[in-house]
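All remarks here apply to the structure that follows.
The values are calculated or read from the model by the stated rules, or taken from the named source; none is laboratory data. This is a predicted model, so every value here is computed, not measured. Cβ atoms come from the backbone with ideal geometry, glycine included; neighbour counts cover every protein chain shown. Quick note on the areas: whole protein, heavy atoms, side chains included, nothing else; ligands and nucleic acids left out. Shrake-Rupley method; radii C 1.70, N 1.55, O 1.52, S 1.80 Å.
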Amino acid sequence: VVGVWHSIARVAVLLAGHALLLPLMLVPVLNAAYPFLAFFYSAAWLAFEYLDVPMARHLHGFREVRAALRGVRPLSTGFGSVLGVSLFIPLAGLLIVPVGVVAGTLLYADLKSGDTILISRV
């Protein structure tokens with residue numbers, strides 16, 4: 001039940017973020033920045049998406065996932081960017097999605113072990 005709720009909320013956050021970025025396309029000077037901002041927002045969302053899967057399984061809330069990603073911001077940006085760029089390749093999603101879930105689980109295990117940051121609730 002927690003996983004389903006988190007999935008619905010994550011999709012709502014993705015759509016809301018892109019809806020907020022969409023008006024940038026209408027402003028002549030700022031429309032050049034839209035693709036970069038949309039990619040980096042999507043990369044941050046992908047990092048959240050794939051780290052939330054194992055954390056929801058262990059009943060962690062959104063705040064804890066956000067705190068974990070904020071604690072390792074360069075790592076989370078790189079993680080989401082690699083997933084985002086990998087999904088540009090046609091049909092690569094068939095392989096990248098399972099790899100992303102495994103990578104998110106390994107990231108969660110690393111965060112939980114205390115090597116990177118401590119997650120408050122076990």
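Structure notes:
- Here the condition is being assigned to a helix (DSSP H, G or I) and free of Cβ contacts under 8 Å to residues at least 40 places away in the same chain; of 95, 111, it holds for 95 alone.
- The one condition from (1) over 15 Å from the mean Cα position of the chain (by Cα); (2) aliphatic (A, V, I, L, M); (3) within 20 Å of residue 12 (Cβ to Cβ) that residue 109 does not meet is (3).
- Residue 13 vs. criteria farther than 20 Å from residue 76 by Cβ and surrounded by 12 or more Cβ atoms within 10 Å (Cβ to Cβ): no
- Among all residues of the stretch 51-67, there is at least one that is small (Gly, Ala, Ser), in contact (Cβ under 8 Å) with a residue 40 or more places away in the chain and closer than 15 Å to residue 109 by Cα.
- All conditions in (1) open to solvent by 20 Å² or more (accessible area, probe 1.4 Å); (2) assigned to a loop (DSSP other than H, G, I, E, B) hold for residue 42, with the sole exception of (2).
- Residues satisfying the criterion are absent from the stretch 7-30 (criterion: touching a Leu at 6+ places or on another chain (Cβ under 8 Å), small (Gly, Ala, Ser) and modelled with pLDDT of 90 or more).
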